[in-house]
1. Check residue 21 against each of (1) open to solvent by less than 30 Å² (accessible area, probe 1.4 Å); (2) modelled with pLDDT under 85 and name the one condition it does not meet.
2. Would you say residue 31 is small (Gly, Ala, Ser) and loosely packed, with under 11 Cβ neighbours inside 10 Å?
3. Within segment 1-78, which helices (runs of 4 or more DSSP H) (wholly inside it) include 2 or more residues that are of a type in the set (Ser, Thr, Tyr)?
Amino acid sequence: MASHTSAERARAKLKLRVAEFMNGKAANAFAPTQLRDLKLSLRETLQALQALSPDEYRALCIARAGEEERFLDDLINETLGLGPLDVLLKDPT
């Protein structure tokens, strides 16, 4: 159960970072370059989390290459948009 709490704490810290980035703007008001900057900032936050709170980082279950990228995409979609529906709505096919 402690692991679940650690994961929730870690996700909350990252979502707070996204909220600070948004600064009251609507999600669709951001250019792709701004979203890349957000992802870079979140990646730096994850690295700091890994160094300062390894238990919280491990609780996120990001173990393999590529999982961090997907985790960040999911977190951004969840916070800025419609979560998993965002990917489907942006698919042109």
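1. Looking at each condition in turn, residue 21 falls short on (1).
2. yes
3. The helices (runs of 4 or more DSSP H) meeting that bar are 2-22, 32-52.
The values are calculated or read from the model by the stated rules, or taken from the named source; none is laboratory data. All values reported here derive from a predicted model rather than from experimental measurement. When we count neighbours, we look across all protein chains shown, and the Cβ atoms used for this are built from the backbone with ideal geometry, even at glycine. Ligands, DNA and RNA are excluded from the accessible area calculation, which covers all protein heavy atoms including side chains. Shrake-Rupley method; radii C 1.70, N 1.55, O 1.52, S 1.80 Å.
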